[in-house]
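K.L.:
Have a look at this one.
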């Protein structure tokens, strides 16, 4: 996709801008000739490292936290577009630190929305997750609230022309804390690879794929939409077995030496993920590479697509292998 014309000369701010998704948004935006990309994060070291990596006059690094209302108002001055990627995302950590998840994912999101309204930002795109669909864990519940707050913000704009939309997608294969780098480390240590259940499935995509569609959503957003990115599903055990085949020899092991251990489903973990609820199906329009969910009911739309990772067609092992090899040879391959 060519986003250059839309983002040219814009002032753009990315919250959580040193995270896996946020930093890739920043890296892609810098190439699109914006006026400035502001990177807001509470990780000082990661901000410094991103500055050194990009070495670009187009970025400005802001140390701050989305929990801090006053910091946001200063950071949002003269901003055209905000990509809100700042969040607590690890399911297990959120389970044991629930109110911190609320402070960041819910109250922090409301701070972002309020600051955007106060400073007349043109567009806000909130990055969400399929775990917000019928949530059974704290992280998913807080992201569901973040989605609802973002959509509701469209009713508070008054005579401003600010628009608020969300992007919802599944697991990002090569992101920090995802299963791919975890499996890699376990293979490096000689195994075993720990899997909760042999029947577990997930929707997956790579960081570049996710970010390219996030930027596309930023272009076409008119407010009140949740953009649901299309992605394939896979069996986690197939991913583990392919990674063993690819990586065991690199670390001096045969593939037969690396075992898989089933440890049981953890607190707050689903067997499968959903891209949307059954109730949302009637409000979805298929736009090719993504679905658009809005408040308008579409009774005649043909919504026979697979929105459940258990029912969706799964990637074959050959397809998984091709994806992993592409990751290994990409700029993001360091995580793999």
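K.L.:
In the set 192, 198, 208, 232, which member is surrounded by fewer than 23 Cβ atoms within 10 Å (Cβ to Cβ) and under 30 Å from residue 33 (Cβ atoms)?
P.N.:
After applying the criteria, what remains is 208.
K.L.:
Working carefully through the options 138, 124, find the one that is surrounded by 24 or more Cβ atoms within 10 Å (Cβ to Cβ), free of Cβ contacts under 8 Å to residues at least 60 places away in the same chain and farther than 19 Å from residue 42 by Cβ.
P.N.:
After applying the criteria, what remains is 124.
K.L.:
I would also like to ask the following. Kindly indicate which of 86, 22 is surrounded by 22 or more Cβ atoms within 10 Å (Cβ to Cβ) and part of a loop (DSSP other than H, G, I, E, B).
P.N.:
None of the other options fit; the residue is 86.
K.L.:
For region 239-270, how many residues are surrounded by 14 or more Cβ atoms within 10 Å (Cβ to Cβ) and part of a loop (DSSP other than H, G, I, E, B)?
P.N.:
5
K.L.:
Report yes if some residue within region 70-82 is under 19 Å from residue 176 (Cβ atoms) and either touching a strand residue (DSSP E or B) at 6+ places or on another chain (Cβ under 9 Å) or not in a helix (DSSP H, G or I) (or both); otherwise report no.
P.N.:
No.
K.L.:
Out of 10, 31, 27, I need the residue that is touching a helix residue (DSSP H, G or I) at 6+ places or on another chain (Cβ under 9 Å), crowded, with 17+ Cβ neighbours inside 10 Å and free of Cβ contacts under 8 Å to residues at least 60 places away in the same chain. Which one?
P.N.:
Answer to the check: 27.
K.L.:
I've got another one for you. Taking the condition of being part of a helix (DSSP H, G or I) and modelled with pLDDT of 95 or more, how many residues in region 104-131 meet it?
P.N.:
Total satisfying the criteria: 15.
K.L.:
Can you tell me which residues in region 272-307 are surrounded by fewer than 17 Cβ atoms within 10 Å (Cβ to Cβ), touching a strand residue (DSSP E or B) at 6+ places or on another chain (Cβ under 9 Å), within 25 Å of residue 211 (Cβ to Cβ) and modelled with pLDDT under 85?
P.N.:
Those that are surrounded by fewer than 17 Cβ atoms within 10 Å (Cβ to Cβ), touching a strand residue (DSSP E or B) at 6+ places or on another chain (Cβ under 9 Å), within 25 Å of residue 211 (Cβ to Cβ) and modelled with pLDDT under 85: 289, 305, 306.
K.L.:
Moving on to the next point. So if I check each of 29, 13, which one is in contact with a strand residue (DSSP E or B) (Cβ under 8 Å, 6 or more places away or on another chain), modelled with pLDDT of 95 or more and part of a helix (DSSP H, G or I)?
P.N.:
29
K.L.:
Which of the residues that make up region 52-69 are in a helix (DSSP H, G or I) and under 23 Å from residue 166 (Cα atoms)?
P.N.:
69, the sole residue that qualifies.
K.L.:
Related question: In region 205-224, what residues are in contact (Cβ under 8 Å) with a residue 24 or more places away in the chain and out of contact with any helix residue (DSSP H, G or I) (no Cβ under 8 Å at 6 or more places or on another chain)?
P.N.:
205, 213, 216, 217, 221, 222
The values are calculated or read from the model by the stated rules, or taken from the named source; none is laboratory data. Predicted, not measured: the structure shown is a model, and the values here were computed from it. Please note: Cβ atoms are built from the backbone with ideal geometry, for glycine as well, and neighbour counts cover all protein chains shown.
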